[in-house]
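Data block below; observations after.
Read-outs: derived from the displayed coordinates by stated rules, not from any lab. Please read these numbers as outputs of a predicted model, since none were measured by experiment. Cβ placement follows ideal geometry from the backbone for every residue including glycine, while neighbour counts extend to all protein chains displayed.
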Amino acid sequence: MPKLTAYTNYSDAQEFADSQALWELFDGTREHLNIANECVIRHADGSGRVAVRIAHANGTDTFISFDELASGAARFAHWLVANGIRPGDRIAFMLEPSLPFYLSLFGAMLMGAISVPLFTLFGLDGLRLRVDDCKPKLLITNLEKLDIANQIEGLRVVVADAGLLDQMAAFPSTFTAMTRADDMAAFQYT
């Protein structure tokens with residue numbers, strides 16, 4: 001049977017593909033699958049290929065390569081473990097699209113924590129509602145939101161700044177994921 005990606009139209013894919021064919025598209029299996037690996041890590045090959053393009057309002061663009069994202073996510077995963085975060089813990093982050101945003105997203109999922117991206121325009125009430133609901137072990141945010149975040153009692157807040165990136169640089173650039181296909185990876189509010 002051809003790989004699922006070999007089908008060129010929807011009707012052929014529907015007729016000939018089965019659920020096992022979907023698994024052939026991934027590195028992982030039902031027993032061992034990590035979404036950060038599938039989206040980022042397996043594409044890091046030293047070529048510098050762009051994984052993310054961030055378009056800024058001032059007309060400039062920022063590019064993040066698969067290599068940079070993979071090594072940064074691994075370092076963030078190690079940093080989380082060193083800071084007492086365990087698989088299944090929720091890690092919230094309230095950041096604009098940026099390197100720290102993507103490292104938080106994929107690094108948390110890589111180590112088995114649950115990524116919780118939060119809208120950056122939340123005020124205190126909006127943030128408190130989500131924090132009370134998902135009970136994150138940690139909130140990563142920027143200096144602009146620090147005062148609001150610090151008003152939530154019991155919430156551990158870390159600023160995504162050069163200091164955090166310096167701390168992360170001390171950790172290895174690879175991380176062995178131990179997640180399963182049915183582990184929760186993200187908790188998304190709409």
1/(1 + (r/R0)^6) with r = Cβ-Cβ of Leu129 and Arg156, R0 = 22 Å, i.e. FRET efficiency to nearest 0.05, evaluates to 0.75
From the Cα centre of region 141-175 to that of region 41-117, the distance in Å is 13 Å
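Are there GluC sites (Glu not before Pro) in region 1-45 that DSSP puts in a loop and that have at most 16 other Cβ atoms within 10 Å, and which ones?
Hits after loop and neighbour filter: Glu24, Glu31.
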Computed, not fitted: 222 nm per-residue ellipticity of the chain from DSSP H runs ≥ 4 (each -39500 (n - 2.57)), nearest 500, equal to -11000 deg cm²/dmol
Candidates Phe106, Phe66, Phe93; GNM for the chain (alpha-carbon contacts under 10 Å) flags as most fluctuating Phe66
Contact order relative to length for the chain, counting C-alpha pairs under 8 Å separated by 6 or more residues, stands in percent at 25 percent
Under 5 Å from the placed amide H of Asn142, counting only residues 5+ away or on other chains, we find Ala160
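Of all the stretches in the chain, which is the longest one without any exposed loop site, taking trypsin sites (Lys or Arg not before Pro) in a DSSP loop (any state but H, G, I, E, B) with at most 15 other Cβ atoms within 10 Å?
50-155
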Cα pairs beyond 21 Å in the chain, in percent, come to 56 percent
